[in-house]
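Novice: Supplied in structure tokens, the structure appears directly below.
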Amino acid sequence: MPRGRPRGFDADAAVDAALDLFWRRGYEGTSLTDLTEAMGIRKGSLYQTFGSKEALFDQVLLRYAETVASYITEALALPTAREVVAAVWRGSVEATTGDDSPHGCLIVHGALSCSAESESVRTRLSEIRAADRARLRARLTAAPAAELPATTTPESLAAYVATVQHGIAVQARSGADRDTLLTAVDVALAVFPRS
């Protein structure tokens, strides 16, 4: 039985190269030529393997969630609300200020300057942020009331946590260093009661 011609490139390495490029330049700031050069492939191979630039971006988002943003899932498993939130914020600082990676967050910055033509990408990133906030809200809902700041609800607290998390990404992209952002996390954590 005849077999198809082998790809001649490592698809996982190609996704990693695309991740780095999208993270640095955003979705629209990354052209097909940029991608094929960074991935070491031709446009035909990109289309044959991934289908389209947007489909490749979806693969990049999955890889980002499994690697860079895995701190969110890990944080949600911690025993107290304060530990969960601290791990989300500190994980965000670590992820957005790495020495060997772009500063900022792919999910926050990936489509900030998208035109109407890329509305589906902007929507996808918004859905990811909303899903993360919903997971956090569910975890905070399960926490004993004594672990939460007084006069808050799990919904308002999840919105607060997401706002600080996204602010960390913006500050990191703007040049804030890790120590400065970790100090800001300590200040933001002051609203949580200590067990």
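The values are calculated or read from the model by the stated rules, or taken from the named source; none is laboratory data. All of these numbers come straight from a predicted model, not from anything done at the bench. Surface accessibility is based on the protein's heavy atoms, side chains included, excluding ligands, DNA and RNA. Shrake-Rupley method; radii C 1.70, N 1.55, O 1.52, S 1.80 Å.
Novice: Order the following by accessible area, largest value first: Lys43, Lys53. Probe radius 1.4 Å; ligands, DNA and RNA are ignored.
Specialist: Values: Lys43 100, Lys53 40 Å².
Result, largest first: Lys43, Lys53.
Novice: Rounded to the nearest 10 Å², what accessible area does Thr73 have for a 1.4 Å probe in the complete protein model?
Specialist: Taking all protein chains as shown, Thr73 has close to 80 Å².
Novice: Classify segment 97-138: rounded, prolate or oblate, from the alpha-carbon gyration tensor (a ≥ b ≥ c, eigenvalue square roots; a/c under 1.5 rounded; otherwise prolate if a/b is larger than b/c)?
Specialist: Verdict is oblate for segment 97-138.
Novice: Also, quick follow-up: Carbon and sulfur atoms: what percent of the 1.4 Å accessible area of segment 50-195 do they account for?
Specialist: 56
Novice: Counting only the heavy atoms of the protein chains, how much of Val88 is accessible to a 1.4 Å probe, in Å² to the nearest 10?
Specialist: That residue has around 10 Å² of solvent-accessible surface.
Novice: Go through Asp34, Asp99, Asp186, Asp179 and list them by solvent-accessible area, largest first, probe radius 1.4 Å.
Specialist: Asp99, Asp179, Asp186, Asp34
Novice: Relative contact order of segment 1-127, please, whole-number percent, based on alpha carbon pairs below 8 angstrom and at least 6 residues apart.
Specialist: It comes to 29 percent, rounded to a whole number.
Novice: Compute the acute angle (0 to 90°) between the alpha-carbon long axis of helix 154-173 and the principal axis of greatest extent of the alpha-carbon atoms of the chain; round to the nearest 10°.
Specialist: Roughly 50 degrees, rounded to the nearest 10.
Novice: So what does Arg25 come to for accessible area, using a 1.4 Å probe and Å² rounded to 10?
Specialist: 120
Novice: Can you sort Tyr71, Tyr160 by solvent-accessible area, 1.4 Å probe, largest first?
Specialist: My answer, sorted largest first, is Tyr160, Tyr71.
Novice: Which of (1) 81; (2) 36; (3) 25 is the computed percent of Cα pairs over 27 Å apart for the structure on display?
Specialist: The value computed from this structure is option (2).
Novice: Once the Cα atoms of helix 11-25 and of the chain are each reduced to a long axis, what angle between those two axes, in degrees from 0 to 90 to the nearest 10, is obtained?
Specialist: Value to nearest ten degrees: 60.
Novice: On to the next question. Given the DSSP H assignment, sum -39500 (n - 2.57) over each helix run of at least 4 residues in the chain and divide by its residue total; what's the result at 222 nm in deg cm²/dmol, nearest 500?
Specialist: Computed mean residue ellipticity for the chain: -20500 deg cm²/dmol.
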